[in-house]
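J.: Before I ask anything, here is the structure I am working with.
The values are calculated or read from the model by the stated rules, or taken from the named source; none is laboratory data. Owing to the predicted nature of the structure, the values given are computational and were not obtained by experimental measurement. All Cβ positions, glycine included, derive from the backbone under ideal geometry; neighbour counts span all protein chains shown. SASA here: full protein model, heavy atoms, side chains in, ligands and nucleic acids out. Shrake-Rupley method; radii C 1.70, N 1.55, O 1.52, S 1.80 Å.
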Amino acid sequence: MLRVLLAAIGLAFSAVASATVPPPPPIALVSADMRPHQSLDGPWHWSVDPYRDGRAGFHGGPPGPSSQRYADIIQADVAAKDPTALFEFDMQRSPTVELPGAWIGHSPEMRYYNGLVWYQRTFDFTPQPGKRTFVRFGAVDYRADLYLNGKKLISHFGGFTPFAAEVTQFVRPGRNQITVGVDSERNSLDVPPVVTDWENYGGITRSVSLISVPETFIDDAWVRLTKDGRIAASVRLNGSQMAGFPVRLRIPSLGLTIAGTTDGDGRWTGNAPVTRALRRWSPESPTLYDVRFEAGIDVLADRVGFRTIEVRGEDILLNGKPIFLRGISMHEEELGENPVRRITPEAAKALLGTIKQGLHGNFVRLAHYPHSEVMTRAADELGLLVWSEIPVYWQVQWDNPGVLSSAEEMLRENIVRDRNRASIILWSVGNETPVSDARTAFMRALVKQVRELDDSRLVTAALLSARKGNVQTIDDPLAGGLDVMAVNTYNGWYTPDPLASLPELEWRSPVRKPLIFSEFGADAKAGYHDEAASPHKFSEEYQAEYYRQTLAMARKVPFLRGMSPWILKDFRSPRRQHPVFQQGWNRKGLISPTGQRKEAFGVLSKEYQALEAVGVGK
Ligand code: GCU
């Protein structure tokens, strides 16, 4: 009896103890792209599975051997030895395709495929004694079911943030087989929901790598310049030795070392004054420093810029000085007639260079979801300020706690991945979400999470506004809790306003904060010209005049501190099916899919050159 009682007390105690200790966060492998790794990019076999037989049998139970795409066998060998064997797939004899890249580019019939596709490849591996090994995906859109040598590792939901799985106990010397079931189909409980205004680029869209680290390694690390001019550093270790472990941050060119010991959860934070002259990061001078986080034999190197960003009244201050954000919005599509969302460093630089050199911009809104780390690193290198966003977009199920958890996890994954990127100044928690009490509570929870994860950046969201006659009022209840208000406005495109009347519009806000016009724009089919006095919509002339008049309106807004018009490049959207002007593309780009500049490109470039000429501020 006593033993039962003691066991019950022990059980209760451990239940209380476990209830108070939060579970460790998922593996982050921050700055993974800077770690030595074995790339798994390249040829993968692929096989469609529209009815998801590889995930469940015809009565809903586990799939039978004839459907298990992830089985650790070579189907043809098994079938050759056993005439009674039955497979209704064969991964190793399915076609191959170069990954990363969405399946929209695999073959013409994949243009509108929305469902489950299986990918498989083999790789040779030599285990390193004392090391742990992880497989990391830069992003898989939308759901990933990951298997190694026939064993299920993890499932990940969310199409735009990285995830990693430990494979130490599953990877074997010599040949290994990795299989991923990628399901692009979303439902109303997903983030984003089913209906968006961009292409559903299903697939393995970013790099895949094998990363081996010491048994106890640096899983998360963050370094930044604080508003009082100190360098602050945070580290979180993972491994059996993580508690009470010595850690260091070193910035050799600054002669700076901050050292300490982790706490019981493997965490450490420290800060120190900057002893030598620090060249702050800015678009004009995007200085990056080599930094090293050290924990025992684990060294994590990164290249980090140091700057401050803050709001004072209606001004945005970069390194203490007022700035005007001369920007443009972008989706994640490379230049070309058939983008597959493969963002290489060259593809990123081609797009961001057009903004910086072509438009004389200093800012880019990476809409409407976390873009590739290749893009945010390119922004660090080139010197463009970045608005980063999670796809809390339009009709989200605001009153569903599971949906909020999904959005919070996506936000956490985005911030943890990128908070060492000096270019990122704004975390956006959503876009054009219809106002309701449930929606505002949902968005406020996300704003709170941003502040908990990153006190060094600003939080915003793209809002809608109310119009009465010629007065446009930013009346969204969420605005008061943001650092920077942002509004999408399309008067003169989605409204019948004569373009010449746009400058008469007056903008008002009940709260005194900086405003960004996060979107305005008009469609134009590149090469369609209409010389009439009143050119028609979809002509380059209409788009150019729309920009002239909207910019005249913008100049009159006294608390405007930035713009990211919609959008740099035409982008694919299944909602845009005009057979003459759209053909499945949203044509609000200032450049065509292949980079052909439209007349409006020059209008915005001229505006930004004028703003640039007057120096910081407006
Ligand atoms: C909205 C939305 C964009 C969309 C744009 C448009 O503002 O935020 O995602 O593409 O309008 O209608 O072109």
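J.: Hey, what angle do you get for helix 599-613 against the long axis of the chain, alpha-carbon based, 0 to 90 degrees rounded to 10?
T.: The answer is roughly 80 degrees.
J.: How big is the Cα convex hull of segment 21-130 in projection, averaged over all directions, in nm²?
T.: The directionally averaged projection comes out at 12.0 nm².
J.: Same structure, new question: So, taking all protein chains as they sit and a 1.4 Å probe, how much accessible area belongs to W46, in Å² rounded to tens?
T.: Answer for W46: close to 30 Å² accessible.
J.: Hey, another quick one. How would M485, M242 line up by accessible area, probe 1.4 Å, largest first?
T.: Highest to lowest solvent-accessible surface, that is M242, M485.
J.: Apply the a/c threshold of 1.5 to the C-alpha gyration tensor of segment 172-322 and tell me whether it is rounded, prolate or oblate. Mind showing how you got there, number by number?
T.: On the way: a/c = 2.20, a/b = 1.20, b/c = 1.83.
Since a/c reaches 1.5 but b/c is at least a/b, the shape of segment 172-322 is classed as oblate.
J.: Going through segment 501-557, which trypsin sites (Lys or Arg not before Pro) have at most 13 other Cβ atoms within 10 Å and a DSSP loop state?
T.: Values: sites: R508, R512, K525, K537, R548, R555, K556; in loops: R512, K525, K537, K556.
Taking segment 501-557 and a limit of 13 other Cβ atoms within 10 Å, the loop trypsin sites (Lys or Arg not before Pro) found are R512, K556.
J.: If you don't mind, there's one more thing I want to ask. Could I get the Rg over Rh figure for the chain? Both from C-alpha atoms, Rh via Kirkwood, rounded to two places.
T.: 0.99
J.: Another question, then. Please grab the % of Cα pairs in segment 66-127 that end up more than 18 Å from each other.
T.: Here the tail beyond 18 Å accounts for 49 percent of pairs.
J.: At a 1.4 Å probe radius, carbon and sulfur cover how many percent of the accessible area of the chain?
T.: 56
J.: Further, regarding this structure: Which shape class, rounded, prolate or oblate, goes with segment 107-241 when its Cα gyration tensor gives a ≥ b ≥ c as root eigenvalues, a/c under 1.5 marks rounded, and past that a/b bigger than b/c marks prolate?
T.: It is oblate, given that a/c is not under 1.5 and a/b is not larger than b/c.
J.: Another question about this same structure. Trypsin sites (Lys or Arg not before Pro) within segment 176-258: which are DSSP loop residues with at most 14 other Cβ atoms inside 10 Å?
T.: For trypsin sites (Lys or Arg not before Pro) across segment 176-258 that sit outside H, G, I, E and B with at most 14 neighbouring Cβ atoms in 10 Å, the list reads K227.
J.: Can you flag which of K356/K569; K349/K513; K349/K569 are past 22 Å Cα-Cα?
T.: K349/K513
J.: Okay, next question. Using only the Cα atoms of segment 396-485, construct the convex hull and provide its projected area averaged over every direction, in square nanometres to one decimal.
T.: With every direction weighted equally, the projected area is 6.3 nm².
J.: Using only the alpha-carbon atoms, how far is helix 540-555 inclined from the longest principal axis of the chain? Give it as 0 to 90 degrees, nearest 10.
T.: Result, in degrees: 80.
J.: Please give the per residue accessible area of segment 170-322, computed with a probe of 1.4 Å over protein heavy atoms only, in Å².
T.: About 38 Å² of surface per residue is accessible.
J.: Using a 1.4 Å probe and counting only protein heavy atoms, arrange S207, S282 so the residue with the most accessible area comes first. All intermediate terms of the calculation are to be shown ahead of the outcome.
T.: Numbers: S207 60, S282 20 Å².
From most accessible down to least: S207, S282.
J.: Send over a whole-number figure in Å² for the accessible area per residue of segment 60-137, probe 1.4 Å.
T.: That works out to 50 Å² for each residue.
J.: Restricting to Cα pairs below 8 Å that are 6+ residues apart, what does the relative contact order work out to for segment 411-518? Please round to a whole percent.
T.: Worked out over segment 411-518, it gives 25 percent.
J.: How large is log10 of I(q)/I(0) for segment 286-387 at q = 0.10, 0.12, 0.18, 0.23 Å⁻¹ when the intensity is taken from the Debye formula with one equal scatterer per alpha-carbon?
T.: For segment 286-387, the Cα-only Debye profile gives -0.35, -0.49, -0.94, -1.25.
J.: What number, in percent, do you get for the relative contact order of segment 316-449 if the mean sequence gap of Cα pairs under 8 Å and at least 6 apart is divided by its residue count?
T.: 22
J.: Distance from the Cα centre of segment 249-272 to that of segment 185-226, in angstrom?
T.: 27
J.: Sum -39500 (n - 2.57) across every DSSP H segment of at least 4 residues in the chain, then divide by the residue count to get the 222 nm mean residue ellipticity, nearest 500.
T.: It lands at -6000 deg cm²/dmol.
J.: Quick one: grab the alpha carbon gyration tensor of segment 485-545, order the square roots of its eigenvalues as a ≥ b ≥ c, and give me rounded if a/c is under 1.5, else prolate or oblate depending on whether a/b is larger than b/c.
T.: Taking the square roots of the gyration eigenvalues as a ≥ b ≥ c, segment 485-545 is prolate.
J.: Distance between the C-alpha centers of segment 420-434 and segment 80-117? Whole Å please.
T.: Taking the Cα centre of each part, segment 420-434 and segment 80-117 sit 36 Å apart.
J.: Kindly work out what percent of the DSSP beta bridges joining two residues of the chain are antiparallel, to the nearest 5.
T.: Of all bridge pairs located within the chain, approximately 70 percent are antiparallel.
J.: Also: With an 8 Å Cα cut-off and a minimum separation of 6 or more residues, compute the relative contact order for the chain in percent.
T.: For the chain, the relative contact order is 11 percent.
J.: Excluding ligands, DNA and RNA, what is the solvent-accessible area per residue of segment 476-551 at a probe of 1.4 Å, expressed in Å²?
T.: On the way: 2770 Å² over 76 residues.
Normalised by residue count, the accessible surface of segment 476-551 is 36 Å².
J.: Going by alpha carbons, how many degrees (0 to 90, nearest 10) lie between the helix axis of 437-453 and the longest principal axis of the chain?
T.: Between the helix axis and the principal axis of the chain, the angle is about 70 degrees.
J.: What is the ratio of the Cα radius of gyration of segment 478-608 to 2.2 N^0.38 Å, where N is its residue count, to two decimals?
T.: Relative to the rule-of-thumb radius for its length, segment 478-608 sits at 1.08.
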